[in-house]
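Readers should treat all values here as calculations from the given coordinates under stated rules, not as data from a laboratory. Just so you know, these numbers come straight off a predicted model, no measurement behind them. Don't worry about glycine lacking a Cβ; one is built from the backbone with ideal geometry, like all the others, and counts go over all protein chains shown.
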Amino acid sequence: FRRSKIDEDLYEELEEILIAADVGVNATMEIVERLRTEVKERKVKEPEALKPLLSEILLEILKGEEEEDIGMNTVDDDLSIILFVGVNGVGKTTTIGKLAHYYKEQGKKVVLAAGDTFRAGAIEQLEVWGDRVGVDVIRHQAGSDPAAVIFDGIQAARARGADILICDTAGRLQNKVNLMEELKKVHRVIGREVPGAPHETLLVLDATTGQNAMKQAQIFNEATRVTGIVLTKMDGTAKGGIALAIRRELGVPVKWVGLGEKMDDLQPFDSEQFIHALFVEEVEKEA
Amino acid sequence: MAFEGLSERLQSALAKLKGKGKVGEGDVKVAMREVRLALLEADVNYKVVKDFVSKVRERAVGQEVLKSLTPGQQVIKVVNEELTQLMGGSQSKLELSSRPSVIMMVGLQGAGKTTTSGKLGRYLKKQNRKPLLVAGDVYRPAAIRQLEVLGEQVDLPVYSLGDKENPVRIAEQGVAQAKTDGLDTVLIDTAGRLHIDETMMEELKAIKETVRPDEILLVVDAMTGQDAVNVAESFNRELGLTGVVLTKLDGDTRGGAALSVKSVTDCPVKFVGMGEKVDALEPFHPERMASRILGM
Ligand SMILES: Nc1nc2c(ncn2[C@@H]2O[C@H](COP(=O)(O)OP(=O)(O)OP(=O)(O)O)[C@@H](O)[C@H]2O)c(=O)[nH]1
Ligand SMILES: Nc1nc2c(ncn2[C@@H]2O[C@H](COP(=O)(O)OP(=O)(O)OP(=O)(O)O)[C@@H](O)[C@H]2O)c(=O)[nH]1
Ligand SMILES: [K+]
Ligand SMILES: [Mg+2]
Ligand SMILES: [Mg+2]
């Protein structure tokens, strides 16, 4: 922002940064409007002050109303169940592998349930992750009822005295009514077997996704009451700005960030880092 | 249905012009502001939007348009033409001339390469070709198994050397195998990778040098946002793409990536994925798509 004064071009430049980060037109307009108001109220004159001010506004949105905990809602003395949901190819199964590793490192006993019985090779993919991490995988045959697999997963996790059961599900586009009904059934079965479960329903969003991610969040949230978001593929050049709009609109927080395809490429979400990255050009990011 | 939201927004942006007997530059300006927002909301890259809007505006305020008997209709016609252009003009088919012909599938993680390999194999088989699927992804857990299951579903042979071999050698051997078996089309599935991952991009270049593919298809998730242009530009610069496959168009995305990718790579969208099943692949028709978006 090498400019001598705050002018329309400068606001437009900021607008473009947000749009280019997939924050979305509506959220961008409102955010920049709020920035203008703050600039007036605080009588800001220096162009250099604009970016920090914008960051402040964005941070406020990301942190939500109250400073609630964005940690995981697992229980200590009983079985905790984590359900993964999301559209096709976003990184559900991979993130389950990573999260299983995270809990195993903490000394927890983890079991995985292969609830994607539909996609070619999905069960085997989860089994490879189970081997890598060193945790059991409960599976049925390809094509069987996902709710039945999850049911068995719960019984097995109980029998084996597991702390955490992580349930994989098939990717599904949110406009497929039948598939969303199937997911609701899985969710119901979990709640019926273990009161208070699932303790976490994590919606996996691919950071490369544009405005459709908002619809994904809305509809998956209606179907399964999403408790947190995993933003994957943040090791690329996409900024994942839609997460900001989702936080603003639906209040669902990002809890984890995926930064690669390996077991330890999972990090707790850091809002400051996220906002900082919005303003970093690719060139710098690569370096 | 994909593009539906974009369609609604564009049509309402242009509706006001439609019935007007007289259209001034001001009317065009207002309409273009709406068009700009509609495209941005559909994830068309903001730079592409800028170019598009200024091109349409320039043509629209030209004498022959505004002075015509139906200026509103004429502006819409300009938008339709430019939109069609943005999507590639007319339908582009695969160009498969070598024996065997080789098709390489490339793209980001999770875009739909493996699924599309199976679908395209099936599609080509229906056109009386004899395809071989080659399992070139040795990294993703169970990627080979996934291709084998798809191969069973479409009743096509799958060539694999397991996951301990180098993908370049797998591709080379796969082509050799096709020759031996008298198969005329080789579809090489490759691992998903980031466009900024130099080592992995080098691997694709090495495969290309070794097997000299007839087609290198970039598989792009239709839900992709503003980053689509970076991805497409990089893959195109490194490999020289011959076409694009847009997947997951059975969703309700507004599909702006389709418009952005063509414009930055000048590579036509050749196919669209319309579902998870192996028969859900269709050739792409830009004119039909543009008309559908504009409700014409
Ligand atoms: N670069 C990168 N790739 C990732 C990340 N997370 C997952 N992937 C890759 O994305 C691809 C899809 O991941 P999956 O875990 O199979 O996704 P999914 O949501 O389970 O897919 P479906 O079950 O088919 O819907 C794989 O190639 C993963 O290795 C990430 O954080 N960064
Ligand atoms: N709804 C829908 N899903 C699709 C389509 N094409 C692929 N998929 C799904 O998208 C997910 C990812 O597809 P893959 O074929 O595994 O993608 P990939 O590019 O090979 O992934 P990596 O090898 O991990 O990079 C799977 O769940 C597929 O079933 C499509 O056109 N529509
Ligand atoms: K994707
Ligand atoms: Mg999966
Ligand atoms: Mg694949």
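Structure notes:
- If you bin all the Cα-Cα distances of the range B:195-296 at 10 Å, starting from zero, the percentages per bin are 15, 44, 33, 8, 1.
- On the basis of the beta-carbon distance and an R0 of 35 Å, A:Arg42 and B:Ser54 show a calculated FRET efficiency of 0.45.
- Entry note, the range B:174-296: relative contact order of 19 percent, from Cα contacts under 8 Å with a spacing of 6+ residues.
- A simple spin-label model places pseudo-atoms 7 Å from Cα toward Cβ; at B:Gln153 and A:Ala156 they are separated by 2.3 nm.
- Structural descriptor for chain A: relative contact order 23 percent, calculated from alpha carbon pairs under 8 angstrom and at least 6 residues apart.
- Average beta-carbon neighbours from other chains, 10 Å sphere, peptide B:30-43: 2
- From the C-alpha gyration tensor of chain A, square roots of 5λ in Å: 39, 18, 17
- Seen from all directions on average, the range A:4-60 presents a Cα convex hull projection of 3.6 nm².
- Listed from fewest to most Cβ neighbours within 10 Å, the set B:Cys267, A:Cys167 follows the order B:Cys267, A:Cys167.
- For the segment A:236-242, counting C-beta atoms of other chains within 10 Å of every residue's C-beta and taking the mean gives 5.
- Residue mean of other protein chain beta carbons inside 10 Å, B:251-257: 6
- Neighbour-count ranking [beta-carbon atoms within 10 angstrom, fewest first] of B:Met105, B:Met32, A:Met29: A:Met29, B:Met32, B:Met105
- Relative contact order (%) - the range A:139-287, alpha-carbon pairs under 8 angstrom, separation at least six: 16
- Distance (nanometres) between label positions extended 7 Å along Cα→Cβ at A:Glu12 and B:Arg33: 1.4
- When you count the other C-beta atoms within 10 angstrom of each residue and take the mean per peptide, B:74-81, A:261-268, A:218-225 line up highest first as B:74-81, A:218-225, A:261-268.
- Prolate/oblate/rounded call for the protein assembly as shown, Cα gyration tensor, a/c under 1.5 rounded: oblate
- Gyration tensor verdict on the range B:1-144 (Cα atoms; rounded if a/c is under 1.5, prolate if a/b is larger than b/c, oblate otherwise): prolate
- A:Arg132 paired with B:Glu172, simple spin-label distance in nm, labels 7 Å along Cα-to-beta-carbon: 2.8
- Peptides B:138-151, B:223-236 ranked from most to least packed by the mean count of surrounding Cβ atoms within 10 Å: B:223-236, B:138-151.
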